[in-house]
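Novice: I have a structure I would like to understand better, so I am pasting it below and will then ask my questions one at a time.
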């Protein structure tokens, strides 16, 4: 069950990383080529970034992985507190990113630059957050958690389904991830590179 639980958690991280990598790519295209990315694609990415972590991933990390780890050791207390604070502030940062996108699309002075900066900052913060979980929390969990802990964690995360492909995925997130891939131009997706609005 340890491998099942970790596979699901890391696959969810990869899905989030893929979407934020796509967002970062689009922002760099905006900066380097002066392009305006497809509005539907940007909003789909932000909706995914907001909804999947907030509704599924982070609550289950806290309720299952973090809780079980706190039961087994005090070694993880400091990093878990930091990660829980990042979960809370991450929701606020997504809202700020959505507001920045709205101002940019409304033609507010400086809106384009503010959105690009907010997107880059958010992508950097999420990468640091996931690295902390993968490089500190997961090794501690492997060392301290018991087999029954991993059974509970695997069952809880298994209910999410892989947001990209899982056997019984949450249909909303699977559809949204597919839509992002289909809207995004290569190299981040399979959509038309001429679809910018």
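Novice: Could you please give the count of residues in the stretch 49-76 that are buried (at least 19 other Cβ atoms within 10 Å of the Cβ) and within 21 Å of residue 112 (Cα to Cα)?
Specialist: So the count comes out to 1.
Novice: Out of all the residues in the stretch 116-148, which are farther than 25 Å from residue 8 by Cβ, in contact with a helix residue (DSSP H, G or I) (Cβ under 7 Å, 6 or more places away or on another chain) and free of Cβ contacts under 8 Å to residues at least 40 places away in the same chain?
Specialist: 118
Novice: Now, a different point. If a residue must be surrounded by fewer than 18 Cβ atoms within 10 Å (Cβ to Cβ) and in a helix (DSSP H, G or I), how many such residues does the stretch 99-109 contain?
Specialist: Total meeting the criteria: 4.
Every read-out reported here was derived from the displayed coordinates using simple, explicitly stated rules and does not represent laboratory data. Quick caveat: nothing in here was measured; it's all calculated off a predicted structure. As a convention, Cβ positions derive from the backbone with ideal geometry for all residues, glycine included, and neighbour counts pool all protein chains shown.
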